[in-house]
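Report on the following structure.
The values are calculated or read from the model by the stated rules, or taken from the named source; none is laboratory data. Keep in mind that what you see is a predicted model, and the values were worked out from it rather than measured. Note that each Cβ is placed from the backbone with ideal geometry, even for glycine, and that neighbours are counted across all protein chains shown. Quick note on the areas: whole protein, heavy atoms, side chains included, nothing else; ligands and nucleic acids left out. Shrake-Rupley method; radii C 1.70, N 1.55, O 1.52, S 1.80 Å.
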Amino acid sequence: MAAPGALLFGDGLDVPTPPDRLSYEQWNSERGRPEGFVRIRLRDRLLASDWFEYAMIPPSDLDRILEGTRWELKSVEKSAVHYLATLRLRD
């Protein structure tokens with residue numbers, strides 16, 4: 001729950017899709033999964049997290065994703081391939 005004017009911060013990576021991931025994207029699409037999502041888990045020696053969805057969405061797609069919601073893209077700050085997006089909840 002958020003009040004009008006609330007800010008939401010999210011970070012991401014803006015990297016080109018490697019050629020070997022195109023078949024994975026096609027596989028996702030055939031199963032109705034959102035574009036840009038990958039299923040990953042973190043590992044460290046004998047420990048492993050549960051599998052989770054990670055959205056690899058370029059900043060240029062954020063406005064399109066927010067269409068039809070009360071959120072607006074306020075800013076995107078980039079540093080190399082990393083970015084920080086600030087969203088604002090409309091009144």
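Where does the chain land on Rg(C-alpha)/(2.2 N^0.38 Å)?
Compactness ratio reported: 1.28.
Suppose all protein chains stay in the model; what accessible area per residue would a 1.4 Å probe give for the chain, in Å²? Intermediate values should be presented prior to the final figure.
On the way: 7030 Å² over 91 residues.
On a per-residue basis, the chain sits at 77 Å².
Whats the longest run of the chain with zero GluC sites (Glu not before Pro) that are DSSP loop and have at most 13 other Cβ atoms within 10 Å? If you can, show how the numbers build up before the last one.
On the way: sites that count: Glu35, Glu67.
My reading of the result: 1-34 is the longest stretch.
Quick one: pull the percent of accessible area on the chain belonging to carbon and sulfur, 1.4 Å probe, ligands and nucleic acids left out.
Of all accessible area on the chain, carbon and sulfur atoms account for 56 percent.
Among Arg33, Arg43, Arg70, determine the one that fluctuates most according to a GNM of the chain built with springs between C-alpha atoms less than 10 Å apart.
Arg43
Compute the distance from the alpha-carbon center of region 74-91 to that of region 1-67, in whole Å.
If you average the Cα positions of each part, the centres end up 15 Å apart.
With charges set only on the Cβ (+1 for Lys and Arg, -1 for Asp and Glu), what does the dipole of the chain come to about its Cα centre, in debye to the nearest 20?
With only Lys, Arg, Asp and Glu charged at Cβ, the dipole is about 220 debye.
Relative contact order, percent, of the chain when contacts are C-alpha pairs under 8 Å separated by at least 6 residues?
Computed over the chain, the figure is 40 percent.
Distance in nm between label sites at Val76 and Ala3, each 7 Å beyond Cα in the beta-carbon direction?
3.0 nm
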